[in-house]
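Single-structure report; data block below.
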Amino acid sequence: MRDVTPDVPALHRRSFLKYTGALGAAAAVSASLSACSSGPDSTNDTGTGGGPGRTLTAVIGYGNDGSWDPTQTASAFCMAANHHIYEGLLDTDPISREPYAALATEVPEDPDSTSWRFALRPGATFHDGKPVTADDVVFVFRRILDPDTQTLAKGFFASWLKEVRRIDAQNVELVLKFPFPDGLSRLTLAKIMPRHVFSRPGGWDDAIKGKAIGSGPYRQTAHHPKSNTTFEAFDGYNGPREPAFRKMNWLTIVDAAPRVARISGSSAGAQIADNIPYANIGQLESGGMTVAGGAGMNNLFLMFNTKHKPFDDVRVRQALHYAIDTEKMVEVALKGHGKPSSSFLDEANPSYRRARTVYDHDPDKAKALLKEAGVEGLSIEILAVNVSWIVDCLPTVKASWDAIGVRTTLSPQETTAVFTKMDQKQDYQVVAAASNPNQFGLDADLIMHYNYGPENLWMQYTRWAADPVARQLFKDMDRATREPDPAKKKAIVQDYIDVVAEQAVLYPVVHNELMTAWDPARLSGIRAQPYPGINLLTAKWA
């Protein structure tokens, strides 16, 4: 089976492209971008030569043909690349998520203030040589906060950020609706883009298709959808993350076997790859590769259509969760690289608390709940994405449900096919898919609002937003966002996650690790991250 971009990226790639009228964004970038290429544009450029100008070759296990627009992409490949091409006022460490000054000269001293002022880094320029100004900052934030423009980023900012003002050419002010310290780390999700490029007619469509001009340490030199994207160190960069590689070639290889082959054996052409299958860890380690995992929010979740009976009944949803032998799933499908979910959040999250309702394997309880709900002879088709590790988990779900008398059919499909049906509001019973909101951050408020909310796409798919329990949940979530006391905020979040666990409308079954492999003889400074993609801003040649 194929590895494809996780469902979160696929979901928002399709949905937000739909809203902007730009479906078909996998088309090639404009000829001008390819024509100006000065870097390697072949998937055969392995970068095995010596010298400081040699090419770093990376293998990414997700497609590069999603939206590249930083205000609306959730594509694993494109988000990872954009972190190297663009800068926010602040960016964050890829592991700790601590903010550091990027385009801004410093992090605000008072995170609890309702006014954050930023001076732009003197001499900062975009990759086309034009200076970065306050107008570019205002341009991006106005798009994000525009109530008439549907972007993914709006969900990360609109609840707490009132406006962004230009003070002068080199200074801006962010005005908050209320104190929100967590907002500092979210500023990395607002990549500053050149107004003179993307305000032109069709500019945002070009961004979706792959045109990327930022102020970061690497500039994009060529982009070939479904093949590779190339980068070169930006000579005009004067920021805090100096580029260590003169050139980079990122290959997109979604099939597991050829992806592993590219970094293994004597003829290996790449130095690093993400999305390593568990079954290949030993093989790569024995060949001298370092393989490391990152445990976080990556999860297999079940999503129920609450307008399709009997899934409107919480007892039925709970029964199906109790029925799953999650320990067997971790042992057999995940080779021990995961844990049964005991909360919506993974156990490493700072706001984690074991939920009041935990779905330990209990087939007798599952049968009793179905009987109590008056459900007999239930047949279910699981509409699932064909991400390889998800497909490995599905037989355990089927066997578990069959064991309690629920006739189960598995229907794995391409991610795009699954969520095309969701976008078209087609009927379904249950979806099994993968998600990882850690791409955007660690704070629980961000994670929960990404998945739950009155206008959230996921809630549109579940048809649950109008339920009285959902309406109260959304109020509690809003109250947590506005709560200034960190301890009280954490308690409110943990309490409403108990409601999310009990309702089991969209809920994780297992949390698992994502594996990255690299050649330690050639690369240093690599850190495996618990979300898709790679970050090479602190890496260098060994």
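General remarks:
- If you go through the stretch 129-171 and keep only what is surrounded by fewer than 17 Cβ atoms within 10 Å (Cβ to Cβ), within 21 Å of ASP182 (Cβ to Cβ) and either of a type outside the set (Lys, Arg) or touching a residue at least 60 places away in the same chain (Cβ under 8 Å) (or both), you end up with ALA158, GLU163.
- Test for LYS209: is it open to solvent by 50 Å² or more (accessible area, probe 1.4 Å) and either free of Cβ contacts under 8 Å to residues at least 40 places away in the same chain or over 23 Å from SER113 (Cβ atoms) (or both): yes
For every residue, the table says whether it meets (1) open to solvent by 60 Å² or more (accessible area, probe 1.4 Å); (2) modelled with pLDDT of 95 or more.
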residue: VAL469; (1), (2): no, yes
residue: ASP476; (1), (2): no, yes
residue: PRO486; (1), (2): yes, no
residue: VAL493; (1), (2): no, yes
residue: ASP498; (1), (2): no, yes
residue: ALA501; (1), (2): no, yes
residue: GLU513; (1), (2): no, no
residue: TYR531; (1), (2): no, no
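- Pairs, first among the aromatic types (Phe, Trp, Tyr) in the stretch 386-397, second open to solvent by 10 Å² or more (accessible area, probe 1.4 Å) and in a helix (DSSP H, G or I), C-beta under 9 Å, six or more apart: TRP389/TYR278
A quick yes/no check of all residues on (1) in contact with a helix residue (DSSP H, G or I) (Cβ under 7 Å, 6 or more places away or on another chain); (2) among the basic types (Lys, Arg):
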| residue | (1), (2) |
| --- | --- |
| ASN386 | no, no |
| THR396 | yes, no |
| TRP401 | yes, no |
| LYS425 | no, yes |
| ASN438 | no, no |
| ALA466 | no, no |
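- Residue within the stretch 23-37 that is at pLDDT below 50, open to solvent by less than 30 Å² (accessible area, probe 1.4 Å) and part of a loop (DSSP other than H, G, I, E, B) present: yes
- Test: ALA521 is of a type outside the set (Ser, Thr, Tyr) and not in a strand (DSSP E or B): yes
- Of residues in the stretch 285-301 being of a type in the set (A, V, I, L, M, F, W, C) and out of contact with any helix residue (DSSP H, G or I) (no Cβ under 7 Å at 6 or more places or on another chain), the one modelled with the lowest pLDDT: ALA295
- For beta carbons closer than 8 Å, sequence separation of 6+ or different chains, a first residue in the stretch 481-493 that is in contact (Cβ under 8 Å) with a residue 24 or more places away in the chain and a second that is charged (D, E, K, R), the qualifying pairs are THR481/ASP445; PRO484/ASP112; LYS489/ASP445; LYS489/GLU483; VAL493/ASP445.
- Here PHE118 clears all of (1) open to solvent by 10 Å² or more (accessible area, probe 1.4 Å); (2) within 13 Å of LEU174 (Cβ to Cβ) except the condition numbered (1).
- Selection from the stretch 244-271 of residues that are open to solvent by 30 Å² or more (accessible area, probe 1.4 Å), more than 22 Å from the chain's Cα centre (by Cα) and not basic (Lys, Arg): ALA244, ALA257, PRO258, ALA261, GLY265, SER266, SER267
- Flag if GLN439 is at pLDDT below 95 and of a type in the set (S, T, N, Q): yes
- Applying the criterion of being farther than 17 Å from PHE301 by Cβ and among the basic types (Lys, Arg) to the residues of the stretch 339-364, the residue that is surrounded by the most Cβ atoms within 10 Å (Cβ to Cβ) is ARG353.
- Out of ASP325, ASP312, sole residue that is closer than 23 Å to SER379 by Cβ, over 24 Å from the mean Cα position of the chain (by Cα) and open to solvent by 60 Å² or more (accessible area, probe 1.4 Å): ASP312
- Checking every residue in the stretch 254-275 against the condition of being modelled with pLDDT of 95 or more, in contact with a Leu (Cβ under 7 Å, 6 or more places away or on another chain) and among the hydroxyl-bearing types (Ser, Thr, Tyr) gives zero matches.
The values are calculated or read from the model by the stated rules, or taken from the named source; none is laboratory data. Everything quoted here is computed from the prediction, not taken from an experiment. Glycine gets a Cβ as well: all are built from the backbone with ideal geometry, and neighbour counts include every protein chain shown. The area values use the complete protein model at the heavy-atom level, side chains included, leaving out ligands, DNA and RNA. Shrake-Rupley method; radii C 1.70, N 1.55, O 1.52, S 1.80 Å.
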